[in-house]
1. Just for the chain, what percent of DSSP beta bridges are antiparallel, to the closest 5?
2. Can you bin segment 56-287 into rounded, prolate or oblate? Criterion: square roots of the alpha carbon gyration tensor eigenvalues sorted a ≥ b ≥ c, rounded for a/c under 1.5, prolate for a/b above b/c, oblate for the rest.
3. Residues with amide H under 5 Å of residue 355's amide H, sequence separation 5 or more or different chain, H placed in the peptide plane at 1.01 Å from N; which?
4. List, in order, the whole-Hz ³J(HN,Hα) value for each residue of segment 260-267 obtained from phi through the Karplus relation with A = 6.51, B = -1.76, C = 1.60 and θ = phi - 60°; use x for Gly and Pro.
5. Please compute P(r) over all alpha-carbon pairs of segment 298-420, binned at 5 Å starting from zero, and give each bin as a whole-number percent.
6. Scan the chain and report its longest stretch carrying no GluC sites (Glu not before Pro) that are both in a DSSP loop and have at most 12 other Cβ atoms within 10 Å.
7. Quick one: work out the % antiparallel among DSSP beta bridges in segment 55-198, nearest 5.
8. Name the residues whose placed amide hydrogens come within less than 5 Å of the amide hydrogen of residue 164, ignoring near sequence neighbours (fewer than 5 apart) on the same chain.
Amino acid sequence: MTQTTVTETTLTDLTRRLADVDAEIARLVDDEGRRQHDSIRLIASENYVSQAVMDATASVLTNKYSEGYPGRRYYEGQQVIDQVETVAIERAKALFGVEHANVQTYSGSPANLAVYMALASPGDTVMGMALPAGGHLTHGWNVSATGKWFRAVQYGVRREDGRVDLDEVRELALAERPKLIFCGGTAIPRTIEFAGFAEIAAEAGAVLVADIAHIAGLVAGGAHPTPVGHAEVISTTTHKTLRGPRGAMLMSTAEHAKALDRAVFPGLQGGPHNHTTAAIAVALGEAATADFQRYAHQIVANAKELAAALVERGFDLVTGGTDNHLILVDLTSKGVGGKPAAQALDRAAIELNYNSVPFDPRKPFDPSGIRIGTPAVTTRGLTEEHMPQIAAWIDQVVAVAESGDDTVIDRVRAEVGEFVKPFPIPGWPTP
Ligand SMILES: *Cc1c(COP(=O)(O)O)cnc(C)c1O
């Protein structure tokens with residue numbers, strides 16, 4: 001494991017150098033590294049990036065301004081930056097098989113805002129999945145700029161099985177004639193039916209936007225069908241299953257290339273974060289390997305195994321299971337809210353988030369469910385054989401979440417601490 005040696009040296013250097021200048025922040029970085037190492041990370045949108053991705057992020061590229069695009073910049077000194085951005089673009093195009101890629105968007109939300117700016121005007125009708133059904137804020141939810149500045153209509157899922165009802169989507173699309181239809185979301189445990197959405201978008205005269213923020217790594221690794229050939233525009237973050245730095249990309253057919261690029265710059269942003277662009281290029285390089293394909297399939301295998309183990313313990317899963325990296329649990333039958341459950345699990349060093357479930361009778365800040373994801377534990381090297389143990393710990397802690405029984409929580413925390421030791425994370429030394 002040469003990785004361990006590199007990691008150790010880097011962390012020692014980083015901590016020492018940082019502590020020389022700012023002991024307070026150095027200590028906090030250290031504390032967070034230890035916290036990340038000592039817990040089981042089941043937050044579906046999180047991951048552990050490689051040392052190489054971290055190195056690119058921490059590079060001198062952060063010092064450079066480069067408004068514009070390769071070959072067309074507003075600042076001098078772009079001899080190297082142009083090459084970095086071109087490599088990232090070409091890798092994105094090759095990996096996903098798209099005609100155009102923009103790697104400058106700062107994160108997933110601004111990337112989506114750029115899609116609106118490129119393809120719609122304020123007041124236009126747009127359509128996306130409702131947040132409580134599993135959509136994202138930026139798909140037109142009312143508190144988001146996308147819900148305030150556009151006339152957003154929202155589709156949901158069927159009450160019976162928690163799945164998207166394409167007949168409802170079609171009906172709504174034909175009645176409302178939106179400019180854009182977003183598919184994808186943040187809490188969808190099932191395969192997204194890109195072909196079905198594309199058919200509806202064509203009938204309604206809308207542009208289909210596939211937001212694959214959560215599943216981009218699964219798509220790249222061949223563990224989820226691709227939206228390419230169905231959605232004209234694809235939006236994704238780079239830091240979830242794709243396992244790159246915090247950032248985002250827009251991909252599209254050649255037809256929409258100019259409009260999207262103009263919307264990102266100068267429409268919404270100034271200078272791109274070149275250190276992030278380099279790290280995205282590194283992550284895309286990693287995602288093109290056979291190792292990454294194995295990782296993507298292992299994420300799904302782990303999620304299916306964990307889902308089965310939870311069902312065996314009487315947990316009620318939205319849609320009854322999972323096709324991807326994500327499990328949505330309705331805790332109503334366990335008699336505990338999502339928030340106290342998530343908080344008790346955090347105290348037991350099992351990290352996840354409380355989440356609304358479809359048709360949730362409780363408030364978004366105190367909902368009925370928890371969301372579980374397997375990308376981070378898969379990166380760490382966990383496989384199917386480890387999932388029943390994780391389900392057992394979740395079960396034990398959820399059972400005492402309301403009473404807050406410290407003996408159970410402390411015991412699980414100690415067991416988790418021992419359990420994770422053989423699974424190092426980049427950026428943190430193995431003891
Ligand atoms: C995470 C996510 C986003 C937003 O990404 P940020 O980087 O947090 O702004 C957008 N869409 C979907 C579907 C997401 O899951």
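1. In the chain, approximately 55 percent of DSSP beta bridges are antiparallel ones.
2. prolate
3. Here the answer is 369, 370, 371, since their amide H atoms fall under 5 Å of that of residue 355.
4. So the J values, rounded to whole Hz, are 5, 4, 5, 5, 5, 9, x, x.
5. All Cα pairs considered, the percentages come to 2, 12, 22, 25, 22, 12, 4, 0.
6. Details: sites that count: 76, 160.
That would be 161-431.
7. Details: 3 of 10 bridges.
The antiparallel proportion sits near 30 percent.
8. Correct list: 158.
The values are calculated or read from the model by the stated rules, or taken from the named source; none is laboratory data. Everything quoted here is computed from the prediction, not taken from an experiment. Here the Cβ is made from the backbone with ideal geometry for all residues, glycine too, and neighbour counts use every protein chain on show. What goes into the accessible areas is simple: the full protein's heavy atoms, side chains included, and nothing from ligands, DNA or RNA. Shrake-Rupley method; radii C 1.70, N 1.55, O 1.52, S 1.80 Å.
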